[in-house]
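Here's the structure we're looking at; comments come further down.
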Amino acid sequence: MRIKFSKKNWLLFLLPTGFLFLYLRKYNILIAQSFTLFHLFSIFYIPFFFAKGIKITSVSKILFIFYFYSIFITIINSLFAIVFSPNLYDFVPIFRQVSGLTVGLSEYFLLRYIFLDLEKERVIDLIISSSLVIIIVFVILESFMTGNFIRIHGSFTEPSHLGVYLVFVILPAILISNYKIKKKVLLLFILGILIFLTFSFTTYFALFIFLMYFSFFQSFRKSIKSILITIIIFSIFIAIIKFYFSSSYIVYQVNRTIEAVFIKKDIYVGTISFIDRFSFFLILKNFHFNLNTIFGYGLGMEYLNVAKILPQESLSKIIQVKLFKNFLTSFWSKIIIYDGLIGIGMIFFLIKKLLINLKRSENIMTLKNKKIIKSVILGIFTYAFISLGPFQTTAIWFWIAYIDANLIASKLRN
């Protein structure tokens with residue numbers, strides 16, 4: 001395929017450049033986690049979108065309502081905090097979350113603009129090729145600079161952030177591509193190695209979720225075959241890690257998690273990372289109906305109410321690993337605390353709308369690709385119970401933009 005480079009083409013090469021321009025950890029401030037150069041350009045494109053006119057769809061309406069509702073609730077709660085707790089009020093955690101959601105929404109519009117303007121296959125091809133090249137280059141540079149090839153994170157700040165991008169963006173992109181089988185197998189092999197070298201338990205869990213959803217949407221015979229392949233893949237992963245990387249970080253995490261969940265049946269025996277990612281379920285344990293649980297505390301406002309939100313045993317451990325006063329790791333934890341049950345309802349309605357729109361794009365997308373994208377949408381929002389806290393995470397917005405662009409293109413054809 002001949003690729004003609006335009007401004008939209010080269011923008012796609014910036015998609016996986018996580019933290020590239022602020023690679024030194026000491027600059028990891030504000031919205032740096034999961035922040036890429038693509039996010040930076042998406043912010044610059046916001047005036048262009050409004051000047052040209054944003055095409056409003058059912059999905060974009062839900063996103064706009066959710067965004068402005070979040071901002072409104074944040075302003076109201078901030079005013080109360082300034083009046084009643086002026087000495088405790090902190091602008092930074094609020095700014096981080098407002099910025100993250102703003103950047104995420106702008107990323108959605110830029111991705112949708114690119115998907116609409118270019119051939120879908122060209123976009124997918126550019127994303128796969130640029131991502132793998134950039135990530136592999138950073139892995140090589142990382143090994144030379146640090147002398148440490150274990151737990152790769154590429155151009156991202158953490159191995160788990162790289163893992164999420166590989167599992168929920170690159171893997172589905174390869175699967176829906178029109179590449180010949182040999183090229184697909186080669187790319188999947190390279191991708192498998194990169195995923196493995198993250199040595200991230202949550203990344204492996206994300207991969208498992210995606211593959212299981214994909215298995216469920218097959219015919220019975222194919223479903224059994226897919227489940228068996230998934231089991232074989234993870235058996236190989238476990239065997240390699242057990243025999244060759246027995247002292248690695250992931251083995252330590254898994255052993256402590258098994259001990260906490262199945263042996264001692266006490267989550268506080270687990271690692272701080274495990275307790276941190278279990279926060280959504282701890283929030284549910286402390287859940288009580290009041291005005292805040294219905295309407296939300298506002299973006300980034302958990303620092304003033306964290307004692308009401310999380311049990312003291314978990315809070316004391318979670319605070320140890322937080323650089324800022326944002327104590328919620330999972331996407332769903334943030335939604336239920338920041339936007340309350342109203343926010344939860346809006347996100348569930350968004351997921352339902354995405355699946356309906358995916359079904360309606362029947363004249364522009366194959367049935368196989370629909371099953372892959374449905375699997376990744378459900379996989380992302382299931383994985384969001386334990387992770388995906390940064391609102392600007394590309395995996396959250398990528399397929400929302402893709403589905404929306406396909407539905408718009410489908411309507412234009414009719």
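The values are calculated or read from the model by the stated rules, or taken from the named source; none is laboratory data. These numbers come from a predicted model, not from an experiment. A quick note on method: Cβ atoms are made from the backbone with ideal geometry, for glycine too, and the neighbour counts reach across all protein chains shown. Surface accessibility is based on the protein's heavy atoms, side chains included, excluding ligands, DNA and RNA. Shrake-Rupley method; radii C 1.70, N 1.55, O 1.52, S 1.80 Å.
Quick notes
- Using Cβ point charges alone (K and R +1, D and E -1), the dipole size of the chain about the Cα centre works out to roughly 1380 debye.
- Listed residues I351, Y249, F156: farthest to the positive end of the dipole of the chain (Cβ charges): I351
- Under 5 Å between amide hydrogens, built in the peptide plane, is the criterion, and for T36 it picks out F19 among residues at least 5 positions away or on other chains.
- Under the Karplus curve 6.51 cos²θ - 1.76 cosθ + 1.60, θ = phi - 60°, whole-Hz ³J(HN,Hα) for the range 199-210, x wherever Gly or Pro sits: 6, 10, 4, 5, 5, 4, 5, 4, 4, 4, 4, 4
- The chymotrypsin sites (Phe, Trp or Tyr not before Pro) of the range 132-234 meeting both criteria, a DSSP state outside H, G, I, E and B (loop) and at most 14 other C-beta atoms within 10 angstrom of the site's C-beta, are F149.
- Gain on full stretching of the segment that runs from I227 to K352 - 0.36 nm per residue minus C-alpha separation: 42.5 nm
- Three-way shape call for the range 106-233 based on the alpha-carbon gyration tensor, with the a/c threshold at 1.5: oblate
- Nonlocal amide H pairs with L388, under 5 Å, H built at 1.01 Å: F331
- Looking at the range 246-301, the trypsin sites (Lys or Arg not before Pro) that sit in a DSSP loop and have at most 15 other Cβ atoms within 10 Å of their own Cβ are K264, K265.
- Candidate aspartates and glutamates - alpha carbon under 12 Å from K374, same-chain residues fewer than 8 apart omitted: none
- Pairwise centroid distance, computed over Cα atoms, of the range 231-280 with the range 370-414, Å: 29
- Contact order relative to length of the chain, as percent, for alpha carbon pairs under 8 angstrom and 6 or more apart: 24
- Length gained on full extension, V83 to K285, computed as 0.36 nm times the residue gap minus the Cα-Cα distance: 69.7 nm.
- Per-residue 3J(HN,Hα) values for the range 66-77, derived from phi via the Karplus relation 6.51 cos²θ - 1.76 cosθ + 1.60 with θ = phi - 60°, read 4, 4, 6, 5, 4, 5, 4, 4, 5, 4, 4, 5 Hz in sequence order (x marks Gly and Pro).
- Here the Karplus curve 6.51 cos²θ - 1.76 cosθ + 1.60, taken at θ = phi - 60°, turns the phi angles of the range 375-391 into couplings of 5, 6, 4, 5, x, 4, 6, 7, 4, 5, 5, 10, 7, 6, x, x, 5 Hz, with x standing for Gly and Pro.
- Whole-Å semi-axes of the range 310-374's equivalent ellipsoid (Cα gyration tensor): 37, 14, 8
- The range 268-414 - convex hull of alpha carbons, volume per residue in Å³: 116
- Exposed-site-free run, longest, the chain (rule: GluC sites (Glu not before Pro); DSSP loop; at most 11 other C-beta within 10 Å): 120-361
- Among the trypsin sites (Lys or Arg not before Pro) within the range 134-226, those in coil by DSSP and having at most 15 neighbouring Cβ atoms inside 10 Å are K180.
- The stretch between S410 and E119, if pulled fully straight at 0.36 nm per residue, gains 103.4 nm over its current Cα-Cα span.
- In the range 230-327, the C-alpha radius of gyration followed by the widest Cα-Cα span (Dmax) gives 17.2, 53 angstrom.
- Greater than 28 Å apart at Cα, pairs in K184/K411; K264/K308; K352/K411: K184/K411
- Kirkwood-Stokes translational diffusion coefficient of the range 169-249, alpha-carbon pairs, 4 °C, 1.567 mPa s, µm²/s: 94
- Gyration tensor (alpha-carbon) shape descriptor, the range 48-137, a/c threshold 1.5: oblate
- Estimated 222 nm signal from helices in the chain, with DSSP H stretches of n ≥ 4 weighted -39500 (n - 2.57), rounded to 500: -22000 deg cm²/dmol
- For the chain, a Kirkwood hydrodynamic radius built from all Cα pairs, placed in the Stokes-Einstein relation at 20 °C and 1.002 mPa s, yields a translational diffusion coefficient of 96 µm²/s.
- A quarter of the convex hull surface defined by the alpha-carbon atoms of the range 209-285 gives 6.7 nm² as the mean projection.
- Given +1 at the Cβ of Lys and Arg, -1 at the Cβ of Asp and Glu and no other charges, the dipole of the range 236-337 around its Cα centre is 40 debye to the nearest 20.
- Alpha-carbon Rg/Rh ratio, for the range 268-322, with Rh computed the Kirkwood way: 0.97
- Exposure ranking of V137, V103, V254 by accessible area [1.4 Å probe, largest first]: V137, V254, V103
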